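The values are calculated or read from the model by the stated rules, or taken from the named source; none is laboratory data. No experiment lies behind these values; they were computed from the predicted model shown. Using ideal geometry, Cβ is built from the backbone for each residue, glycine included, and neighbour counts are taken over all protein chains shown. In case anyone asks, the SASA skips ligands and DNA or RNA and just uses the protein heavy atoms, side chains included. Shrake-Rupley method; radii C 1.70, N 1.55, O 1.52, S 1.80 Å.
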Amino acid sequence: QVQLVESGGGLVQAGGSLRLSCAASRSILAISVMAWYREAPGKQRELVASITNGGTTNQADSVKGRFTISRDNAKNTIYLQMDFLKPEDTAVYYCKARYFDINYWGKGTLVTVSS
C-alpha cells in the first residue's frame, strides 16, 4: 500500500504562485508513475502532470509553461510548482501513485485563485 499526503494549497491572487507537495509512505523509486490531478466544482477530475520513476514528465496543455512537476527521491516527495496561476486553476488537487497496477490517492489540497 501507499499513503499519500498533499500539502501546500491555499488562496492566491491571479498571477501568483504556489508549490504543492505530496509525501508518500514508501520509496517513490518503487512507484512507476506519480501524478497530480485536479477536480474543479462541477467538473470531472483531470490529469495535470505526471512523472515516472525514470524522471519522464508530462503536463496537460492547459498548464504547460506554467506548472512544473518534480520529485525528491530522498524525501519520497513529489512537487507541483504552479506559476502564473489563473482563476480557472481553482480546484482540489490530488496526488496519485500507481504501484503494482493499483492507483492510490491522497485526500487532496484546495487551491483557490482569486481574480
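Details
- Heavy atoms of Leu29 accessible to a 1.4 Å probe, total area in Å² rounded to 10: 100
- Per residue, the convex hull spanned by the Cα atoms of the chain amounts to 92 cubic angstrom.
- Cα-centred dipole magnitude for the chain, charges only on beta-carbon of K, R (+1) and D, E (-1), debye, nearest 20: 160
- Note on the chain: with a GNM built from Cα contacts shorter than 10 Å, the maximum mean-square fluctuation among Leu11, Leu85, Leu20 falls on Leu11.
- Charge-dipole axis of the chain as Lys and Arg at +1 and Asp and Glu at -1 on Cβ define it, positive-most pick from Leu4, Gly15, Met82: Leu4
- Contour minus Cα-Cα distance for Ser62 and Gln3 (0.36 nm per residue): 18.4 nm
- GNM on the chain, alpha-carbon springs under 10 angstrom: the most fluctuating residue among Tyr94, Tyr104, Tyr37 is Tyr104.
- Heavy-atom surface of the chain, accessible at 1.4 Å and reported per residue (Å²): 53
- FRET E, pair Val33, Leu11, Förster distance 30 Å, beta-carbon r, rounded to 0.05: 0.50
- Across the protein chains, with a 1.4 Å probe defining accessible surface, the residues Phe100, Phe84, Phe67 rank Phe100, Phe84, Phe67 from largest area downward.
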